[in-house]
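The values are calculated or read from the model by the stated rules, or taken from the named source; none is laboratory data. Given the structure is predicted, the values throughout are model-derived calculations rather than measurements. Using ideal geometry, Cβ is built from the backbone for each residue, glycine included, and neighbour counts are taken over all protein chains shown.
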């Protein structure tokens with residue numbers, strides 16, 4: 001079957017069948033568990049980054065760290081594909 005030929009329509013197939021791969025489901029579960037962990041930790045903490053000391057809720061620091069980690073992972077993945 002070439003790329004230009006339409007796919008044969010079978011019984012029970014959906015255009016979203018390929019969207020739910022085990023890897024995507026696992027990443028969704030990890031993301032949900034990460035968010036639950038972040039928002040369960042709401043206490044105030046002191047964070048020192050080089051010189052200034054900042055007091056903020058722990059969930060803000062965890063969420064910022066998770067977003068930075070996700071951005072670094074995305075950047076590494078797109079760089080590897082090139």
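Values computed for the structure shown
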item: Of all residues making up the range 73-82, the number that are modelled with pLDDT under 85 and either under 13 Å from the mean Cα position of the chain (by Cα) or not in a helix (DSSP H, G or I) (or both); result: 1
item: Residue, modelled with the highest pLDDT, within the range 37-55, restricted to residues that are touching a strand residue (DSSP E or B) at 6+ places or on another chain (Cβ under 9 Å) and assigned to a loop (DSSP other than H, G, I, E, B); result: 43
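This table checks each residue for (1) at pLDDT below 85; (2) outside any strand (DSSP E or B); (3) surrounded by 10 or more Cβ atoms within 10 Å (Cβ to Cβ).
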{"residue": "2", "(1), (2), (3)": "yes, yes, no"}
{"residue": "11", "(1), (2), (3)": "yes, yes, no"}
{"residue": "15", "(1), (2), (3)": "yes, yes, no"}
{"residue": "23", "(1), (2), (3)": "no, yes, no"}
{"residue": "35", "(1), (2), (3)": "no, yes, yes"}
{"residue": "65", "(1), (2), (3)": "no, yes, yes"}
{"residue": "71", "(1), (2), (3)": "no, yes, yes"}
